[in-house]
Amino acid sequence: MKFMQLKKACLHGLVISATAVSALAPAWANTLTLNSPDNKIEVKLEHAQTLKYSVNVAGKSVILPSMIDLKLAGYKNLSEQVRITDSQRDTVNQWLTPEVKVKSAKIHDHYNQLTVTFSNGYKVQFRAFDNGVAYRFITDLDNKVTVLNEIAQFNFAKQADVYLPEEEGFYSHNERSYIYQKVADVAATTLASTPALVESNQIKVLVTETDLHDYAGMWLKGTGSNGLVATFPAYPLEKQALKPWVDRNEPITKRADYLARTQGKRNYPWRVLAIAQNDGELITNQLTYQLAAENKVQDISWIKPGKVAWDWFNANNLYGVDFKAGVNTQTYKYYIDFAAEYGIEYVILDEGWYPLGDLMGTVPEMDVPAIIAHANEKGVGIILWTSWLTLRDQFDQAMDRFAELGAVGIKPDFFQRDDQQMVNFYWKIADEAAKRKLLVDYHGSYKPAGLRRTYPNVISREGVKGLEWNKWSEDSTPEHNTILPFIRMVAGPMDYTPGAMSNAQGPAAYKGVDADHKDFTVRFERPMSQTTRVHQMAMLTVFESPLQMMADTPTNYRREHECAAFMAKVPTVWDQTKVLHGKIGDYISLARQHGDTWFVGTLNDEHARELALDLSFLDKGQKYQIEIFQDGINAARWAEDYKKIVKTVTANDKLVMKLAPSGGYTARISKL
């Protein structure tokens, strides 16, 4: 049977074409295909004894037939002699306006869709975009259901390699390094969080999920062959507070034999394959936003992106002051004064502002109402840290107290889980925070999975191995920094907390050159970075977080005023993003526009190199002033060495930028 599609053209509105096939058709083809709008991606759906899908990209086989299924207690699944009863095709072509402009002010949402209905009450819906494929299950069942398991296979063509964030277990902050290996070498016992990035047949496929709600998060395991398979944390039955941090650690000691108990009429999370033929295409992929449930917050005028003066990384260290620095009122008033002076929108009161375990209590050294009153006078917002477990136990009282104190946001921390119960708590926090006009920045969290679109007050989250790891390890390397934008950042904003002013060359920069020499030292109270100064500055442009931390101490920033003043002016949301250069694990160079001003950020791994800065993205015939911070000539030995250049440029200029090991450069380009 042939399908006929009625196509309509529309520039900015919704474009839909639909074809339905009667369930009474005498013959039904068990193979259906779906193509992306540009016809470069083809999805083939085959239903025989099982339901399998495969994906070809630009004529290359990328995903071999891979089984998908949903197993509900008391219902047949797709491997139990169910039949296809209906099929419908749609095309959507529209422009989305994100509530928070993480990558761009507009998103082109253009896809072809295939929805297949089965005799057991299931639907499977596939969407093919020019830059990826996604599918989800839909059930239309009268009663609540128990999800026993979900099968999601990813079988790759030819030999595939993967950047895999391996985990020890489901109880995790999801702050991992990405281990590069062959997919075939990933054991069935290996557990990994998502997103993960696979290269198969010269095509890159990032595996993640979005629209995660009332369900368990998706993780990955090996198959013992050239594939990965999804796995999920089962519903928690028993927990045990773990000493010494009983206010935040509650690992699961017993799990149920099911993933979730949920409504029978619902859409399940999208399984997302973000597809790129070159590394840079991953940076501009926004499928996790496009596929998420729409905004539920009617008034978003109060949601203000901005930067944060952060206290915890630098251990509240101040010097050259006439009071004892620490978790006390005078220290935070100093942070507020610094933020006001530099135009930084927010200050966080991190761990210690309340007696641990009691969000309704008061620490004698902290006059929180006086701190917030001082912040209000200076035009600075206060964000309050909280342990998730204490927040759960005192939820209504604590949320009311945050609002009564006049806080503008909260930073719940140490979740370490994404089973159904915890996922639902994320949604509860987001909803109740929105009612009180509170921003939310989740830490100790799982990766972004769509909640930021549904509740745009969820302005950022961690779930990333960030700068703080330099306080206790050598894991936060320049190579790691050049991997993150291509994997973790594709899922959504990441609160990496950049901006260290104490900089050194770490062991990676001396590997194979002088193994005994390194300047970097692990220091908890006075931490440093394993990168050059300029690498740290460039992170504010490269790493996406609408709530962007400046992690060093205010007195260090005042000492390094030239660098701090530049960073303080870097926006945290963008009208458009252009990838200038990108090679995962080696380098990343982005140009981002905010209003009439462009910012460029470039991060380098441990190898010195040159990259061209081609300014052809600027308006033709217009003169600009470019202010560049680049690695100094001695940055390979003294990582804090930098050089500032100010000159006039046009779109015709092409500059050659020299990057030190672990270095980079950053620039602000303004119209004259």
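Given R0 = 45 Å, the distance between the Cβ atoms of Ile300 and Tyr171 translates into a calculated FRET efficiency of 0.85.
Listed by chain and number, the aspartates and glutamates placed with their C-alpha closer than 19 angstrom to that of Lys333 are Asp311, Asp322, Glu341, Glu345, Asp350, Glu351, Glu365, Asp367, Glu377, Asp552; residues fewer than eight positions away on the same chain are left out. Listed from fewest to most Cβ neighbours within 10 Å, the set Tyr171, Tyr258, Tyr354 follows the order Tyr171, Tyr258, Tyr354. By the rule of a C-alpha distance below 16 Å, with chain neighbours fewer than 8 residues away ignored, the aspartates and glutamates paired with Lys583 are Asp161, Glu199, Asp279, Glu281, Glu479, Asp605, Glu606, Glu610.
Scanning residues 5 or more positions from Arg609 or on other chains, those with amide H under 5 Å from its amide H are Leu659, with H placed 1.01 Å from N in the peptide plane.
Net charge of the neighbourhood of Gln94, taken over other residues with C-beta under 11 Å away and scored Lys/Arg +1, Asp/Glu -1, is 0. Considering only alpha-carbon pairs that sit under 8 angstrom and 6 or more positions apart, the relative contact order computed for region 29-290 is 18 percent.
Quick check on region 29-290: take the gyration tensor over C-alpha atoms, sort the square-rooted eigenvalues as a ≥ b ≥ c, and tell me if it's rounded (a/c under 1.5), prolate or oblate. Rounded shape, in that the Cα axes give a/c under 1.5. Working note: Karplus 6.51/-1.76/1.60 with θ = phi - 60° gives region 457-471 the couplings 6, 6, 8, 6, 7, 8, x, 8, 6, x, 4, 4, 5, 5, 6 Hz, where Gly and Pro are set to x. In terms of packing, defined here as the mean over residues of other Cβ atoms within 10 angstrom, the peptides 449-461, 205-217 line up highest first as 449-461, 205-217. Positive end of the charge dipole of region 585-672 (Lys, Arg +1 and Asp, Glu -1 on Cβ, about the Cα centre): tell me which of Ala660, Asn634, Gln622 has its Cα farthest that way. Towards the positive end, the residue furthest out is Gln622. The Cα center of region 465-498 and the Cα center of region 179-246 differ in position by 19 Å.
List the relative contact order of the chain as a percent without decimals, with contacts defined as Cα pairs under 8 Å and 6+ residues apart. This gives 11 percent for the chain.
I need the shape label for region 118-257. Rule: rounded when a/c is under 1.5, else prolate if a/b > b/c, else oblate, with a, b, c from the alpha carbon gyration tensor. Cα axes put region 118-257 in the oblate bin.
Placing unit charges on the Cβ atoms only, positive for Lys and Arg and negative for Asp and Glu, gives the chain a dipole magnitude near 1780 debye about its Cα centre.
Here region 29-290 is assigned +1 on the Cβ of each Lys and Arg and -1 on the Cβ of each Asp and Glu. Its dipole about the Cα centre then comes out at about 300 debye. Ordered by the number of other Cβ atoms lying within 10 Å of each residue's own Cβ, fewest first, Lys324, Lys518, Lys101 fall into the sequence Lys324, Lys518, Lys101. Choose one of Val368, Gly409, Met494: the residue whose Cα lies farthest towards the positive end of the charge dipole of region 306-572 (beta-carbon charges +1 Lys, Arg; -1 Asp, Glu; about the Cα centre). After comparing all options, I get Met494. Our note on the geometry: Cα centres of region 620-672 and region 517-589, 15 Å apart. Among Trp245, Trp219, Val147, which residue has its Cα positioned farthest towards the positive end of the charge dipole of region 125-247, with +1 placed on the Cβ of Lys and Arg, -1 on the Cβ of Asp and Glu, and the dipole taken about the Cα centre? Working it through, the farthest residue towards the positive pole turns out to be Trp219.
With the highest mean first, a sort of the peptides 618-627, 589-598 on other beta-carbon atoms found within 10 angstrom per residue produces 589-598, 618-627. Fully extending the segment from Asp322 to Leu356, taken as 0.36 nm per residue of separation minus the present Cα-Cα distance, adds 9.4 nm. For Lys254, the lysines whose Cα comes closer than 19 Å to its Cα, not counting residues fewer than 8 places off in the same chain, are Lys239, Lys243. Less than 5 angstrom separates the built amide H of Glu166 from those of Ile179, all sequence-distant by 5 or more or on a different chain. Judged by the mean number of other Cβ atoms found within 10 Å, the most tightly packed of the peptides 68-81, 435-448 leads the ranking 435-448, 68-81. Shown is the FRET efficiency for Phe524 and Gln622, computed with R0 = 45 Å from the Cβ-Cβ distance and rounded to the nearest 0.05: 0.40. For region 306-572, the spread of Cα positions along the three principal axes, ordered from largest to smallest, is 58, 48, 31 Å. Local charge for Ala538 was computed over the other residues whose Cβ lies under 12 Å away, with Lys and Arg +1 and Asp and Glu -1, and equals +2. Between the amide H of Gly463 and those of Gly444, Ser445, distances stay under 5 Å, these residues lying 5 or more places away or on another chain, with hydrogens modeled in the peptide plane. The calculated 222 nm mean residue ellipticity attributable to helices in the chain amounts to -4000 deg cm²/dmol, summing -39500 (n - 2.57) over DSSP H runs of n ≥ 4 and dividing by all residues. Within the set of other residues whose C-beta is less than 12 Å from the C-beta of Asn56, count the net charge using Lys and Arg as +1 and Asp and Glu as -1. Summing Lys and Arg as +1 and Asp and Glu as -1 gives +2.
Using the Karplus relation 6.51 cos²θ - 1.76 cosθ + 1.60 with θ = phi - 60°, the per-residue 3J(HN,Hα) values for region 308-315 come to 10, 7, 10, 9, 6, 4, 8, 6 Hz, with x marking Gly and Pro.
Classify the chain: rounded, prolate or oblate, from the alpha-carbon gyration tensor (a ≥ b ≥ c, eigenvalue square roots; a/c under 1.5 rounded; otherwise prolate if a/b is larger than b/c)? Because a/c hits 1.5 or more and a/b exceeds b/c, the chain counts as prolate. The gain in end-to-end length when the Ala565 to Val92 segment is fully stretched comes to 165.8 nm, 0.36 nm per residue minus the alpha carbon separation.
Pairs over the 23 Å Cα-Cα cut-off, from the set Lys52/Lys158; Lys204/Lys411; Lys144/Lys437; Lys620/Lys671; Lys40/Lys123: Lys204/Lys411; Lys144/Lys437; Lys40/Lys123. Only Lys, Arg, Asp and Glu carry charge here, each on its Cβ (+1 for the first two, -1 for the last two); on that basis region 287-332 has a dipole of about 40 debye about its Cα centre.
Taking every C-alpha pair closer than 8 Å and separated by at least 6 residues, the mean separation divided by the residue count of region 503-594 gives a relative contact order of 21 percent.
None of the figures in this text is laboratory data; all of them are computed from the coordinates on show. It should be emphasised that the depicted structure is a prediction, and the values quoted were computed from it without experimental measurement. Quick reminder, even Gly has a Cβ in these numbers, built from the backbone with ideal geometry, and neighbours come from all protein chains shown.
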